[in-house]
C-alpha cells in the first residue's frame, strides 16, 4: 500500500482485489452494488467517442474513489473503468459500507468530501457527479418502450431551457463494432452507430446539444432557445430520447444545427454538425443531399482553419485535411490538393504520422482525378 494512504486501509484487506493490466473493473452503463478505492496502480475511465473508438476521459490514482456515485445513487455508470497497469483495488459492497467505515473512518470522510466537493481534482468523470437534490427528487420523463440493454443504458439530464428532467439512452462501450472508416473519418458499424446518439434532445422543447456542453447555456442564450421552441416542436414530431431510426438521425442533426446556430457555436462546431449531417445522407444513399451538406461542411472547416484562434494545431490540421478530402468527394481536386499539401508540409511526422499518411493517399487520388482518372472516394 502507498505511503500516503491511511494506515486504516490495511484493515480492509478482505475487500482488496488484484487486477491485471487491461481488466475492466466495471462497464459503462453498469448498475453497481459496491464502490471502489484505488490502492495501487491506476484506473482509466473510458467512454465511446464519436469515432467509435474508446476515449479516456479521466483517471483515478491511489487514494481515489471510483463508481461511488453510481453505487450510492442507483444511477448507471457514465464510463467504464479499466486497470491501466497491474492494480490493487478495494471493492466495498454498499451494504457493508458501515462496517468498512468503522474499520477505516478516513474512507467515510473521503466519500463525504467526494460528494461535497465534486470538482476536486483527480476524481471520477465529471458526468458522474450527482445532480442537485431538487432535480433528483423531481418527476422524470421516462423513455417510452423497451430499450435493448445489450446496446444501451439509460441516463438522465435536465434541460437548461425549460427545466425538464428526462431519461435518454446512451450507447454501451462494448456494443460498438466498427468495421470500416471512410477517408473523411465516417465510421461504419455492424451494430449500433454511436454517432446517432451523440446529440441529446429534450423531449419537451426540442433543445438539442452534445452532452458535453448540454448545460452550458447562459440566460441570454436560454432566452433565444426558449423563444425558438415553438418553431422546433413541429420538427420534433415525437420524443427522440430512445432508440433512433435513420429519419430520427436526420431530425436530431437538424435540431442540433438550429440550436447551435442560436447559441453561436462558431465555424468549428458548425463544420462538425454539417459534416455529420452529410454522413446521415450518405448512409441513406442520398448523394445529392450529401453533396449539399459536404459543401457547407467544407466552408465551415475552411472558416475554422482560417479564423478560429481557439483551435489546437492538431484540430487545425485535421480541418485542413477535411477541406481537401471533401473537395475530392465533390470532384474538385484543384481545390483539394493545396489543402492536402498544407497538411503534409505542416504536420509533425512523429505525432501526426497517421494524418500525413492519409493526406498523401488523398493527394495521390487528387492527381489521379486531375489526370482524368476515376479512383472513387471511400
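Please tell me if residue 279 is part of a helix (DSSP H, G or I) and under 28 Å from residue 307 (Cα atoms). Yes. Filtering segment 49-72 to residues that are at pLDDT 85 or above and in a loop (DSSP other than H, G, I, E, B) leaves 61, 62, 63, 64, 67. All of 234, 203 fail the test of being touching a strand residue (DSSP E or B) at 6+ places or on another chain (Cβ under 6 Å) and either in the same structural domain as residue 363 (by TED's automatic domain parsing) or on the phi > 0 side of the Ramachandran plot (or both), apart from 203. Looking at 80, 87, 31, just one residue is outside the structural domain of residue 193 (by TED's automatic domain parsing), closer than 26 Å to residue 170 by Cα and surrounded by 14 or more Cβ atoms within 10 Å (Cβ to Cβ), and that residue is 80.
As a summary of the residue check, residue 245 satisfies the conditions (1) farther than 30 Å from residue 317 by Cβ; (2) at pLDDT below 90 except for the one numbered (2).
Scanning segment 190-240 for residues being in a loop (DSSP other than H, G, I, E, B) and more than 19 Å from the chain's Cα centre (by Cα) gives a total of 10. Scanning segment 34-58 for residues that are crowded, with 23+ Cβ neighbours inside 10 Å and under 22 Å from the mean Cα position of the chain (by Cα) yields 43, 45, 48. Kindly evaluate residue 174 against the criterion of being in a helix (DSSP H, G or I) and in contact (Cβ under 8 Å) with a residue 60 or more places away in the chain. For residue 174, the condition - in a helix (DSSP H, G or I) and in contact (Cβ under 8 Å) with a residue 60 or more places away in the chain - is met. Filtered by the rule that a residue be in a loop (DSSP other than H, G, I, E, B) and in contact (Cβ under 8 Å) with a residue 60 or more places away in the chain, segment 177-187 gives 182, 183, 184, 185, 186.
Just one of the listed residues (54, 73) is touching a helix residue (DSSP H, G or I) at 6+ places or on another chain (Cβ under 8 Å) and under 28 Å from residue 178 (Cα atoms), namely 54.
Whether a residue is buried (at least 20 other Cβ atoms within 10 Å of the Cβ) and within 28 Å of residue 355 (Cα to Cα) was assessed, and residue 280 passes this test.
Being surrounded by fewer than 19 Cβ atoms within 10 Å (Cβ to Cβ) and free of Cβ contacts under 8 Å to residues at least 24 places away in the same chain holds for only one residue in 61, 72, 101, and it is 101. Listed by position, the helices (runs of 4 or more DSSP H) contained in segment 286-378 that have at least 2 residues being within 21 Å of residue 253 (Cβ to Cβ), in the same structural domain as residue 276 (by TED's automatic domain parsing) and in contact (Cβ under 8 Å) with a residue 40 or more places away in the chain are 313-329.
The values are calculated or read from the model by the stated rules, or taken from the named source; none is laboratory data. These numbers were taken from a predicted model, which means no experiment stands behind them. With ideal geometry, Cβ positions are generated from the backbone for all residues, glycine too; neighbour counts draw on all protein chains shown.
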